[in-house]
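Working notes for the structure below.
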Amino acid sequence: MRNGFVSLVGSGPGDPDLLTVKALRLLQEADVVVFDRLVSTEILDLIPAGVSRISVGKSPGQHCVPQHQTNEIIVSLAVSGRRVVRLKGGDPYIFGRGGEEALMLRQRKIPFEVVPGITAAAGCSTYGGIPLTHRGLNNGVRFMTGHLHNDEIRQIDWSKIADPDCTLVIYMGLANLSGICDQLLIAGLSATTPAAAIHGGTTQNQHKIISSLADLPVAVSRAGLKSPVMIIIGDVVSLSDDLDWFQSRSEAGEGGDQFESFDLARA
């Protein structure tokens, strides 16, 4: 039997309206969709009835399906001739392990394509009123994973990361938030550097905390935020109140259910 075809597709940060036209078309044409935990229910609802769905979602500390098994599932489906959509939250190539799966498919000689999605950093920041770049406030952006072991936190050269002219965006940083903030402070980043933590970005469940770098762990703990949380650190966070169109629209009753915004300064 001829091989099928695998599309590694980014579903974006959660709002179904941010799904690309190509991603939607591929979902409608798929024989089977293999999806991650961070793909929103609203996006899964766009999959036509009769299309098989396989969840391989991973939670922090609990892997529903190990990566090697996920790889074998994709391969098995493809070699049986199916059109497979491997649906990932955000963008496949930004902390989505899309590169690993693409290399595996290449090694198995299975044809594939990669469809970019709006990464969580761009989605959460934009819906939180935070431009990742802004003239006069920064000259760059750095993405990093916060999913680190204690020894990895100590091995990082934080002096290269604690750059006041660069916006720092941390994926999967909730569990190590205190340690990360401490290291940034030790490396010289100002304690008053504006910082944000956003859960459920781009959805009506969005919760946003605005704080200082030094106070961020306490603010997050007080709010009881649960994973996944996007951390944004840098002077651009100071624009959040003025540019938060999403919260303003929700408060005006134009964007669905109102969500709660936490600000340590007003707590």
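The values are calculated or read from the model by the stated rules, or taken from the named source; none is laboratory data. Note that the coordinates shown come from a computational prediction; the quantities given were computed from them, not determined experimentally. A quick note on method: Cβ atoms are made from the backbone with ideal geometry, for glycine too, and the neighbour counts reach across all protein chains shown.
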Practice prompt. Could you please give the count of residues in the stretch 108-148 that are in contact with a Lys or Arg (Cβ under 6 Å, 6 or more places away or on another chain) and assigned to a loop (DSSP other than H, G, I, E, B)?
Written response: 1
Worksheet item: Exactly one of (1) out of contact with any Lys or Arg (no Cβ under 9 Å at 6 or more places or on another chain); (2) on the phi < 0 side of the Ramachandran plot is unmet by V32. Its number?
Response: (1)
Worksheet, complete the sentence: Checked the stretch 198-221 for anything β-branched (V, I, T), part of a helix (DSSP H, G or I) and either over 19 Å from G234 (Cα atoms) or within 20 Å of the chain's Cα centre (by Cα) (or both); matches are V220
Practice prompt. Please work out which one of (1) touching a residue at least 24 places away in the same chain (Cβ under 8 Å); (2) surrounded by 14 or more Cβ atoms within 10 Å (Cβ to Cβ) is the condition E100 fails and give its number.
Written response: (2)
Worksheet item: Mind checking whether some residue in the stretch 147-157 is touching a Pro at 6+ places or on another chain (Cβ under 8 Å) and not polar (S, T, N, Q)?
Response: yes
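Of everything in the stretch 198-253, what is small (G, A, S) and touching a helix residue (DSSP H, G or I) at 6+ places or on another chain (Cβ under 6 Å)? Give them in sequence order.
G201, S211, A219
When the residues of the stretch 149-173 are narrowed to those that are β-branched (V, I, T) and outside any loop (DSSP other than H, G, I, E, B), which ends up farthest from S212 (Cα to Cα)?
Step one: of the stretch 149-173, the residues β-branched (V, I, T) are 153, 156, 161, 167, 169-170.
So of that shortlist, the ones also outside any loop (DSSP other than H, G, I, E, B) come out as 153, 167, 169-170.
Details: I153: 21, T167: 14, V169: 15, I170: 15 Å.
Looking at the filtered set, the residue picked out is I153.
Going through the stretch 155-193 one residue at a time, which ones are of a type in the set (S, T, N, Q) and loosely packed, with under 15 Cβ neighbours inside 10 Å?
Q155, S159, S178, S190, T192
Scan the stretch 124-135 for residues that are in contact with a helix residue (DSSP H, G or I) (Cβ under 9 Å, 6 or more places away or on another chain) and either under 19 Å from R97 (Cβ atoms) or surrounded by fewer than 21 Cβ atoms within 10 Å (Cβ to Cβ) (or both) and jot them down. Steps first, please.
Of all residues in the stretch 124-135, those in contact with a helix residue (DSSP H, G or I) (Cβ under 9 Å, 6 or more places away or on another chain) come to 125-134.
Listed by number, the residues that qualify are T126, P131, L132, T133, H134.
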Item to complete: Just name the residue that is nearest to the chain's Cα centre (by Cα) out of those in the stretch 228-247 that are surrounded by fewer than 15 Cβ atoms within 10 Å (Cβ to Cβ) and among the charged types (D, E, K, R).
Response: D241
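Every residue, every condition in (1) at pLDDT below 95; (2) outside the structural domain of Y93 (by TED's automatic domain parsing); (3) under 20 Å from the mean Cα position of the chain (by Cα), yes or no:
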| site | (1), (2), (3) |
| --- | --- |
| L18 | no, no, yes |
| R25 | no, no, no |
| A30 | no, no, no |
| V34 | no, no, yes |
| G57 | yes, no, yes |
| H63 | yes, no, yes |
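For the stretch 15-43, give me each residue that is part of a helix (DSSP H, G or I) and in contact (Cβ under 8 Å) with a residue 24 or more places away in the chain. Show your work before the answer.
Start the filter on the stretch 15-43 by keeping residues that are part of a helix (DSSP H, G or I), which leaves 16-18, 21-29, 41-43.
Residues satisfying the conditions are P16, L18, K22, A23, L26, L27, E29, E42, I43.
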